[in-house]
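Enquirer: Sharing a structure below in structure tokens format, with a few things to ask.
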Amino acid sequence: MQPTDHSNIRLLKEIAELLNEGTELKPMLEGALRKFLGGTNFETGWIFFINGKGKHELLAHDNLPEALSYNKCQFLEKGGCWCLSKYRNQELKKASNIIECQRLESAASANVGDCARITHHATVPLQSGRERFGLLNVASPNTIRFTNDELALLESVAFQMGSAIKRILLTKQEQELALVQERNRLARDLHDSVNQLLFSVTLTSRGGEEMTDQVEIKETFKEIQNLTQEALTEMRALIWQLRPKGLESGLMEAVKGYAEMLGLQLKVKVTGVLQLPSRIEETLFRLTQEALNNIRKHAGVKKAEIFVTITNRDVLLVIKDEGRGFQVDSLVNLPSFGLRSMKDRTTSLGGTIDWVSEIGKGTEILIRLPY
């Protein structure tokens, strides 16, 4: 099978069209892999997405034998193997035959299903220029080695996939940048208009209080001041949520600044090196914002504690207060929109969140996020 054959050129063109039309990474790669397997002698395949720390994720697969698909592809999801090791060590540069595969061997020895006579596979890195994104692995029954022509075709498809991955990641970055710019615009508008109007109401009511001698009118103006001051605090909190001040100086500086703005005394302890991906850092900030808002509004205390523990796989965030506490019978029926929002934000990144709370004995929130 020659990579320059008309049938292969047509196949590569069809795959390129699929990849160019895709806007979501997983379904795009699944469709391209399915098309590739359907037009070649390769019968099964899977794609690992690998992050900057070398952690792999099974992003797409097609036509896996029973043993490899067993228990949500557990033999592909977990463990080590030659191709991942070579990839992480920068030793895998092109499409290669795998002499042996620990994942295939483990699936076969576990006797959990038919391996469809698949014992070896070929692998190729997915990359665009110098950026690398993961691995494409393919296999066929009773095949120990693939020909140079087959490996060349595999490299061509991997190049197309790498380019498509780069395009989608750039598009997402542009979308995130546009979202940040829109948040900044809204924050500026709120600060320049509504925030200034509330401040003017405060000054006007203060002047009105000083201009009258009637006790009831003075109390009315004083109540207007109190309500307006509360509205100002809420507005500033909203502006912070749109455009977190201080986050460019680090997560903890931003958290401390937000607590100070809310009038809370905050004790912070960090264990490990706080160097997190920007998406994880902002999520932690948003979660902490919501927790501190709840403390200010509902806990009845002015003090809180935050503990952050960073490992090479995840980050644990603990937020504690000794306030009123609340009763949670089930995390399915959370007592407030804020808590439900925290749960949704955490689970969307594959994390977990738990509450420990009791009436009169405070609240402890435990959040764990992988990265």
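The values are calculated or read from the model by the stated rules, or taken from the named source; none is laboratory data. Everything quoted here is computed from the prediction, not taken from an experiment. Cβ coordinates were reconstructed from backbone atoms using ideal geometry, including for glycine residues, and neighbour counts include every protein chain displayed. Remember, those area values only see protein heavy atoms, side chains included, never the ligands or the DNA or RNA. Shrake-Rupley method; radii C 1.70, N 1.55, O 1.52, S 1.80 Å.
Enquirer: Can you run down the residue pairs with Cβ atoms below 7 Å, 6 or more apart or on separate chains, where the first is in the range 275-288 and over 23 Å from Gly338 (Cβ atoms) and open to solvent by 30 Å² or more (accessible area, probe 1.4 Å) and the partner is part of a helix (DSSP H, G or I) and charged (D, E, K, R)?
Expert: Listed pairs, sorted by first residue: none to list.
Enquirer: Is it true that some residue in the range 144-158 is basic (Lys, Arg), more than 37 Å from the chain's Cα centre (by Cα) and open to solvent by 60 Å² or more (accessible area, probe 1.4 Å)?
Expert: Yes: one or more hits.
Enquirer: Asp114 versus (1) crowded, with 16+ Cβ neighbours inside 10 Å; (2) among the charged types (D, E, K, R); (3) farther than 22 Å from Gly31 by Cβ: which is the lone unmet condition?
Expert: (1)
Enquirer: Name every residue in the range 183-215 that is of a type in the set (Asp, Glu) and either within 23 Å of Ala237 (Cα to Cα) or at pLDDT 90 or above (or both), in order of residue number.
Expert: Asp189, Asp192, listed by residue number.
Enquirer: Can you tell me which residue in the range 241-261 is modelled with the lowest pLDDT, limited to those that are within 19 Å of Phe307 (Cα to Cα) and aliphatic (A, V, I, L, M)?
Expert: Leu247
Enquirer: I'm trying to understand the selection: among the residues of the range 56-70, which are open to solvent by less than 90 Å² (accessible area, probe 1.4 Å) and more than 13 Å from Arg103 (Cβ to Cβ)?
Expert: Leu59, Ala60, Asp62
Enquirer: Further, regarding this structure: Kindly indicate whether Asn71 is farther than 19 Å from Glu131 by Cβ and touching a strand residue (DSSP E or B) at 6+ places or on another chain (Cβ under 8 Å). If you could, list the steps in order and put the result at the bottom.
Expert: On the way: farther than 19 Å from Glu131 by Cβ: yes; touching a strand residue (DSSP E or B) at 6+ places or on another chain (Cβ under 8 Å): no.
For Asn71, the condition - farther than 19 Å from Glu131 by Cβ and touching a strand residue (DSSP E or B) at 6+ places or on another chain (Cβ under 8 Å) - is not met.
Enquirer: If the requirement is being hydrophobic (A, V, I, L, M, F, W, C), outside any helix (DSSP H, G or I) and farther than 25 Å from Arg10 by Cα, which of these qualifies: Ala178, Ala116? Can you show your working first?
Expert: Working: Ala178 fails: outside any helix (DSSP H, G or I).
Only one candidate qualifies: Ala116.
Enquirer: Separate question: Which strands (runs of 3 or more DSSP E) sit wholly inside the range 205-321 and have at least 1 residues that are in contact with a Gly (Cβ under 7 Å, 6 or more places away or on another chain)?
Expert: Working: elements: 265-271, 303-310, 314-321.
It comes to 303-310, 314-321.
Enquirer: May I pose another question? Could you list, ordered by first residue, the pairs with Cβ atoms under 6 Å in which the first is in the range 68-96 and within 16 Å of Ala158 (Cβ to Cβ) and modelled with pLDDT of 90 or more and the second is open to solvent by less than 10 Å² (accessible area, probe 1.4 Å) and in a helix (DSSP H, G or I), at least 6 apart or interchain?
Expert: As it stands, the answer is Ala95/Leu154, since those pairs meet every condition given.
Enquirer: Suppose we keep only residues that are of a type outside the set (A, V, I, L, M, F, W, C) and out of contact with any His (no Cβ under 6 Å at 6 or more places or on another chain) within the range 133-143. Which one would you say is surrounded by the most Cβ atoms within 10 Å (Cβ to Cβ)?
Expert: Ranking the qualifying residues of the range 133-143, first place goes to Gly134.
Enquirer: Just to be sure I understand the filter: pairs with C-beta atoms under 6 Å, separated by 6 or more residues or on different chains, first member in the range 131-146 and at positive phi, second member open to solvent by less than 30 Å² (accessible area, probe 1.4 Å) and at pLDDT below 95. Which pairs pass?
Expert: These pairs meet every condition: Gly134/Ile50.
Enquirer: For the condition hydroxyl-bearing (Ser, Thr, Tyr) and surrounded by 14 or more Cβ atoms within 10 Å (Cβ to Cβ), what is the one hit in Ser85, Ser106?
Expert: Matching residue, one of Ser85, Ser106: Ser106.
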